[in-house]
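Everything below concerns the one structure shown next.
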Amino acid sequence: MNLMTAFRNLDSYGRRRAPEVIRHEAALLERRLVRFRPELVRLEVSVSQTRGKKRIRADLRLGLPTGVIAAREEGFGIEPVLHRAFAALGRRLDRLLSRLARAPEWKRPARRARTGRLLPPAPDRAEADRRALFFDLIEDHLDHLYNVVRRELTYLEASGAVPAGRLSVRSLVAATILSGLERFEQRPTEFSVGDWLTGLAWRTIEAEARAARRAVPDDAASLDETPDQPAGEPTAADQEMFEFYQPDDLLLLEDLVADEDGEGAETLAVRREAALALHRALADLPVLWRKVVQRLHIEDETPEQTAAVLDLSAQEVARIAEAGRAFLHQRLIEAGHAPDSAEAALADAETEVAQIPQPLEDRDRIATAMTGNRDGRPHGTSNTAEHADH
């Protein structure tokens, strides 16, 4: 690290102690900068004292490949002022390193502690049998539940209703399943288990989204601190670091569009752009409207089923469906699509949505929690092949 110092109007004690304190604090700071090449790091320290007065001001400027951060402190003692200035600079450096590593997207200690294990072991045989029965009921609906959560969370993040990266599909699916386990004996019987899980998922997402909007951001700065200096233009090293830390499960509207085979490149590009425009418009729909449109046009459910799941009347479903379709049609036209292509995009909405199977790791985690085994069978049971071998 390149270190530059400047002292103005310091008394004899300040001129003697300031270099010692700066060298000590700079050495501690340098240990946190091992990811940067030393020749690309520059620390400038300026300490001044008002002529004829005892007030001291310390200005620190740390130049990194990713930009510049600074800190300033004032006081009446050279050592306390420098220690506070370096402490403030260290806090801002920690926030910068956290953003570079995208820590807010994966480092949530409280949530990780809760979701490290989906459920504790069953306390008795009756609870184990209850969990196994519940898993048998929901096993065939896990892929559908995963896609419902994935789509809705993507729309919420795309519209800005939920901070990007604040919630995860895995944790929302787990929370939905736990909610279902608590009340599955009281589940409504007028519609299927899949519809019941869908309703639970929507309520879970809505509650978690409200909590996420109220939560303090992970990289929030104190109002008592001086704002960070704006970063400079990104370098090649910045871009490499960003690509290295780019999360694989980043939610994008593009990932909701199904892949098509057997068509020409030009036709494919037109259909994909129309599908993306449709998803952007869906993200802007009011939440209730989006649920109705998805049930009717993407999941191909009947108005009666939609009304039962959403606890609406058939007249309300029809009114919302008509208004939502008109909204989407207008948005597609505003996005530059011809009326006939807009109609085609709405008609093909079901086939244009990608359906992705739930990750095997997540499914195994749920099966282990509910039955005690990764394959979904309770402890102490064996399959037919095992019986045949013996």
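The values are calculated or read from the model by the stated rules, or taken from the named source; none is laboratory data. Fair warning: this is a prediction, and the values are worked out from it, not measured in the lab. Cβ placement follows ideal geometry from the backbone for every residue including glycine, while neighbour counts extend to all protein chains displayed.
Here are the numbers for this structure:
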quantity	calculated
Sole exception among (1) in a helix (DSSP H, G or I); (2) in contact (Cβ under 8 Å) with a residue 12 or more places away in the chain for Phe191, by number	(1)
Residue selected from the stretch 284-297 under the condition surrounded by fewer than 18 Cβ atoms within 10 Å (Cβ to Cβ) and touching a residue at least 12 places away in the same chain (Cβ under 8 Å), by the criterion farthest from the chain's Cα centre (by Cα)	Leu288
Residue count, the stretch 2-53 (criterion: of a type in the set (Ser, Thr, Tyr) and either within 34 Å of the chain's Cα centre (by Cα) or exposed (fewer than 11 other Cβ atoms within 10 Å of the Cβ) (or both))	1
Hey, Arg125 charged (D, E, K, R), at pLDDT below 85, surrounded by fewer than 21 Cβ atoms within 10 Å (Cβ to Cβ) and not assigned by TED's automatic domain parsing to the domain that holds Glu299 or not	no
Test for Ala207: is it small (Gly, Ala, Ser), at pLDDT 85 or above, in the same structural domain as Phe134 (by TED's automatic domain parsing) and not in a loop (DSSP other than H, G, I, E, B)	yes
Residue match in the stretch 26-39 (condition: modelled with pLDDT of 90 or more and more than 22 Å from Thr66 (Cβ to Cβ))	no
Evaluation of His297 against (1) out of contact with any Phe, Trp or Tyr (no Cβ under 8 Å at 6 or more places or on another chain); (2) at pLDDT 85 or above (one fails), failing number	(2)
Condition check for Asp195: of a type in the set (Asp, Glu) and within 20 Å of Ala369 (Cβ to Cβ)	no
Selection status of Arg57, within 30 Å of Ser12 (Cβ to Cβ), of a type in the set (D, E, K, R) and within 39 Å of the chain's Cα centre (by Cα)	no
So Ala335, is it out of contact with any Phe, Trp or Tyr (no Cβ under 9 Å at 6 or more places or on another chain), more than 21 Å from Ala161 (Cα to Cα) and without any contact (Cβ under 8 Å) to a residue 24 or more places away in the chain	no
